Amino acid sequence: DTGVSQNPRHKITKRGQNVTFRCDPISEHNRLYWYRQTLGQGPEFLTYFQNEAQLEKSRLLSDRFSAERPKGSFSTLEIQRTEQGDSAMYLCASSLLETQYFGPGTRLLVL
Amino acid sequence: AQSVSQHNHHVILSEAASLELGCNYSYGGTVNLFWYVQYPGQHLQLLLKYFSGDPLVKGIKGFEAEFIKSKFSFNLRKPSVQWSDTAEYFCAVDLADSGYALNFGKGTSLLVTP
């Protein structure tokens, strides 16, 4: 399968802990996006990269969130000092042009 | 601010019934329009997209959508639904001048009964 992959698929953590998620985009896709989806809502944009450059961040991305794409391939999303409100599905998507292809997501539960 | 509205949050249909899901967006500039589907336990998949040209676009699995610029609408249709169409459907709009980040509606949950 050469689609977008995300790891881990599920993460349970205690409030205050740090978590890191990984996204591997489709090979040769230069754009990579992170979204967050909570129950009953559509995905909400968090940030995006073109190659290794982080070009846009949503106001949803508080200073506890950081994302990297060091070599323009895979990306990581880190949440520091997790809060219960961070519980959500974190989705990654990649694209070459306008059409984005989504991964299966990482479901985070903060206890 | 740009927004995407999906009018129906939950729809229940019998097999063979026709489907139309509404989507309206608010933005005056150039947009690209998408419908994504999420089947139970699966990830988001692209159903169809509109960038330019013929406002009636056809997607996978017999779905189509019509872009009506004057109404800022991009409604999804299927003449005859099947049980396997049970899923969550999301309308999305991107901004060509914002890295193509997607702005999604809240989604419509479709249940097709046998």
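What follows draws every value from the coordinates through simple rules; no lab data is involved. All figures in this text were calculated on a predicted structure; none of them were measured in a lab. When we count neighbours, we look across all protein chains shown, and the Cβ atoms used for this are built from the backbone with ideal geometry, even at glycine.
Brief remarks on what is shown
- Here the extension length gained between residue B:70 and residue B:10 equals 19.0 nm, from 0.36 nm per residue of separation less the Cα-Cα distance.
- Measuring between their Cα centroids, the stretch B:69-114 and the stretch A:1-76 lie 23 Å from each other.
- Relative contact order for chain A: 37 percent, from Cα pairs under 8 Å spaced at least 6 residues apart, divided by residue count.
- Cβ charges +1 (Lys, Arg) and -1 (Asp, Glu), total dipole of chain A, debye: 440 debye
- Backbone geometry of the stretch A:53-64 corresponds, through the Karplus equation with coefficients 6.51, -1.76 and 1.60 at θ = phi - 60°, to 3J(HN,Hα) couplings of 8, 7, 9, 8, 10, 6, 5, 5, 7, 6, 5, 7 Hz, x marking Gly and Pro.
- For residue B:15, the residues whose modelled amide H falls within less than 5 Å of its own, excluding neighbours fewer than 5 places apart on the same chain, are B:113.
- For residue B:48, distant residues with modelled amide H under 5 Å away: B:35
- Using a Förster distance of 25 Å, the FRET efficiency for residue A:73-residue A:98 (Cβ separation, nearest 0.05): 0.75
- Close amide H contacts of residue A:31 (hydrogens built in the peptide plane, cut-off under 5 Å, sequence separation of 5 or more or a different chain): A:51, A:95.
- Which of A:99, A:33, A:46, positive extreme of dipole for chain A (C-beta unit charges): A:46
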